[in-house]
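The structure under discussion appears below in the form of structure tokens.
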Amino acid sequence: GPPPSLLPSIRYRLENLRSDIATKVRAAIPGTSGNVAAALIAGVTGGIDETNEEALRVTGLAHVLSISGLHMALVAGAVLFLVRFGFALFPAFASGFPVKKWAAAAALVASFLYLLLSGGAVATLRAFIMLAVMLGAVMLDRQALTLRNLAIAALIILVVAPHEIMGPSFQMSFAATAALISAYGWVSRRSESSTSSASIGRWPMIRAILLAAVLTPVVAGLATAIFSAWHFHRLAPMGLPANLAAMPVISFVIMPFAMIGTIAMPFGLEEWPLKIMGYGVDAMLWIARWCASLSPLDTVGALAPAAFILMTVSLLALTLCQSRLRLVALAFVPVAFLFNHRAHFPDILVSEDARLVAIAGEGGALAVNRDRPNGFTTEVWRNAVAARIVIKPEKPMASFLPEYVGKPEMHSIAGRSKTESGVAANSEPATTSASIAELVAAAEESSNRFACRHGACIGLAQNDVLVAWLDPATLGAPGRTDKSSTVEQAASQIAADSPSVPDKRTEREFAKLFFEPCGRVDLLITASAMPFRSCGRGKAALIRASDLARLGAAEIRFEPLQSRSNKVLDQAGAAKSGD
């Protein structure tokens, strides 16, 4: 093909450079420590074993693996200090020129290069924007760490990527930064009012350093705990001691020698600084494992939305108010706990792409509709409903393979002219009234497990609520060789959002296949784009992939029901109306 244009060529070279750096890092530091080091330097994740990764999550040190504010601040701070220190070696020159501004400019350039080297992930980009605003304030003779600068950085990020405001990375980062600025401002004002000129000396400075070492993880941990509990349904009880023990290693061993090793790579001298960095990573992982072994249960379950909102309002009042008005925040905390105590965990969970559905069952079980569910999502859901085990689906008719395979004339959807019990296995497609009835029966026999077959799953939730999941793109028997099936054409067109409009016959055939479970279940979830907005006369509430693409993942809760005859699914009904 033609040679790439300038921007793709630069991106291609950067990706090659990142890959080469990660290879050299792993060559110098073997094992999991090398993979962690590669993630810290080049943003190349993967290869970290589950034991160490879980230990980092439990102890609140998982933020180290994502190149964000901590890493940017350490790199920029190191460059700022070294450049300014170098200029200070020449007092006559340093006193005649604005060397502090020059050092800030050098730190900004180094941070930008680190952004490119790390792959430019959203969290890294957000951290760079925040740092650029603060370094720009230094170059303009303004105070760097202020809530106004934080607000400017937030506005820039919302212009570039407005959806980030709903993500945990944005919320946790700005919550921690705002809380730290407010806390240090309060401490600084109290210190200025109580410090006399006679007390200035070595001991107050040491006391201030120790206070900062303790205050920083406490304040940041409390500020981010709200969003950690909301998004991931877990806290880090050992986060404070783990961060107190690990942060000196990260700040004075891991990141400085990571920067030295990266600078030395073009000269082939990276081995010894990277080995020292590896010792620091080993120490950090040991601290994480040790603290994780002492950690109590960290799962808190899903927060009630009202409790989350009240806790966020409380945090805003504490960080933004500068007078005693911040004490108003204390009034929101007990009310938030009251709301959360009265709430119950979700009964049904649906991922934002509608590919994964889970039902919270009795005895701490979480039933999912896929043999190989997404591990991260499943773990978050398991924490949300305080489940101990994940139950994968059963396939009661997995061996059934109809004889109509390859016969186009047999692909049309049969109506209900025959009784459900009398439908022959070789006369209908795989998912029709007979197989739906069998899936319903199988689901009712095993209430804590989905019954699945060829693109259709049905499970029984609490209070006898039947939940069906359909993937129209894969409905039907496996192994079909005929590609002219009207049902398959309609499913593939709809699933691919094809601009071509299927003819009326195709729509009718697909509608029959789609509406079959509508009259048999209470909630129907489809994993492809659908032309139907509801189940028509069917009793099922419908949740489509296109709805979730706009509104996000779904949590469904329902009140206790009296009987199957008056079954009502309020939350699913709200989803049906677009609430």
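The values are calculated or read from the model by the stated rules, or taken from the named source; none is laboratory data. Here the structure is a predicted model, which is why all the values come from computation and not from measurement. Every residue, glycine among them, receives a Cβ derived from its backbone with ideal geometry; neighbour counts consider all protein chains shown. Keep in mind that these areas ignore ligands, DNA and RNA; they rest on the heavy atoms of the full protein, side chains included. Shrake-Rupley method; radii C 1.70, N 1.55, O 1.52, S 1.80 Å.
Residues in segment 252-277 that are open to solvent by less than 40 Å² (accessible area, probe 1.4 Å) and small (Gly, Ala, Ser) were compared, and the one that is farthest from Glu54 (Cα to Cα) is Ala264.
The single residue among Gly239, Gly221 that is of a type in the set (Gly, Ala, Ser), closer than 30 Å to Ala387 by Cα and open to solvent by 30 Å² or more (accessible area, probe 1.4 Å) turns out to be Gly221. Among the residues of segment 109-167, just one is of a type in the set (Val, Ile, Thr) and in a loop (DSSP other than H, G, I, E, B), namely Thr146.
Listed here are the residues, each with its yes/no results for (1) more than 30 Å from Gly34 (Cα to Cα); (2) aliphatic (A, V, I, L, M); (3) surrounded by fewer than 21 Cβ atoms within 10 Å (Cβ to Cβ).
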| site | (1), (2), (3) |
| --- | --- |
| Tyr279 | no, no, yes |
| Ala292 | no, yes, no |
| Ala306 | yes, yes, yes |
| Arg324 | yes, no, yes |
| Val335 | yes, yes, yes |
| Leu338 | yes, yes, yes |
| Gly364 | yes, no, yes |
| Asn374 | no, no, yes |
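Taking interchain pairs and intrachain pairs at least six residues apart, which have beta carbon atoms under 6 angstrom, with the first residue in segment 320-339 and more than 22 Å from Arg189 (Cα to Cα) and of a type outside the set (A, V, I, L, M) and the second open to solvent by less than 100 Å² (accessible area, probe 1.4 Å) and outside any helix (DSSP H, G or I)? Partner pairs satisfying both residue conditions: Phe339/Ala304. Is it the case, given these coordinates, that Leu125 is in contact with a helix residue (DSSP H, G or I) (Cβ under 6 Å, 6 or more places away or on another chain) and either among the β-branched types (Val, Ile, Thr) or open to solvent by 30 Å² or more (accessible area, probe 1.4 Å) (or both)? In short, no. Taken as a whole, segment 18-40 holds at least one residue that is outside any helix (DSSP H, G or I) and open to solvent by 30 Å² or more (accessible area, probe 1.4 Å). Taken over segment 88-107, the criterion of being over 17 Å from Leu117 (Cβ atoms) and open to solvent by less than 50 Å² (accessible area, probe 1.4 Å) is satisfied by Ala94, Val99, Ala103, Ala104, Ala105. Of all the numbered requirements in (1) open to solvent by less than 20 Å² (accessible area, probe 1.4 Å); (2) part of a helix (DSSP H, G or I); (3) more than 26 Å from Leu82 (Cα to Cα), Ala302 misses one, and that requirement is (2).
Annotation note: of Leu542, Leu548, the sole residue that is in a strand (DSSP E or B), crowded, with 20+ Cβ neighbours inside 10 Å and modelled with pLDDT of 85 or more is Leu542. Give segment 183-224 a look and list any residue that's modelled with pLDDT under 80 and hydrophobic (A, V, I, L, M, F, W, C), or say none. Selection gives Ala198, Ile200, Trp203, Met205, Ile206, Ala208, Ile209, Leu210, Leu211, Ala212, Ala213, Val214.
The criterion of being of a type in the set (A, V, I, L, M) and touching a helix residue (DSSP H, G or I) at 6+ places or on another chain (Cβ under 7 Å) does not hold for Val109.
Can Ile359 be described as in a strand (DSSP E or B), in contact with a helix residue (DSSP H, G or I) (Cβ under 9 Å, 6 or more places away or on another chain) and at pLDDT 90 or above?
Judged against the criteria, Ile359 is a match.
Here is a yes/no grid of residues against (1) free of Cβ contacts under 8 Å to residues at least 12 places away in the same chain; (2) over 30 Å from Trp102 (Cβ atoms):
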site: Leu17; (1), (2): no, no
site: Ala28; (1), (2): no, yes
site: Ser33; (1), (2): no, yes
site: Val36; (1), (2): no, yes
site: Ala42; (1), (2): no, no
site: Gly69; (1), (2): no, no
site: Ala73; (1), (2): no, no
site: Val79; (1), (2): no, no
site: Phe85; (1), (2): yes, no
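A single entry from Val64, Val79 fulfils the requirement of being part of a helix (DSSP H, G or I) and farther than 21 Å from Ser228 by Cβ: Val79. If you filter segment 209-245 down to residues that are within 23 Å of the chain's Cα centre (by Cα) and among the polar types (S, T, N, Q), you find that the one that is farthest from Leu349 (Cα to Cα) is Asn243.
Can you find even one residue in segment 128-139 that is β-branched (Val, Ile, Thr), touching a residue at least 24 places away in the same chain (Cβ under 8 Å) and open to solvent by 40 Å² or more (accessible area, probe 1.4 Å)? No.
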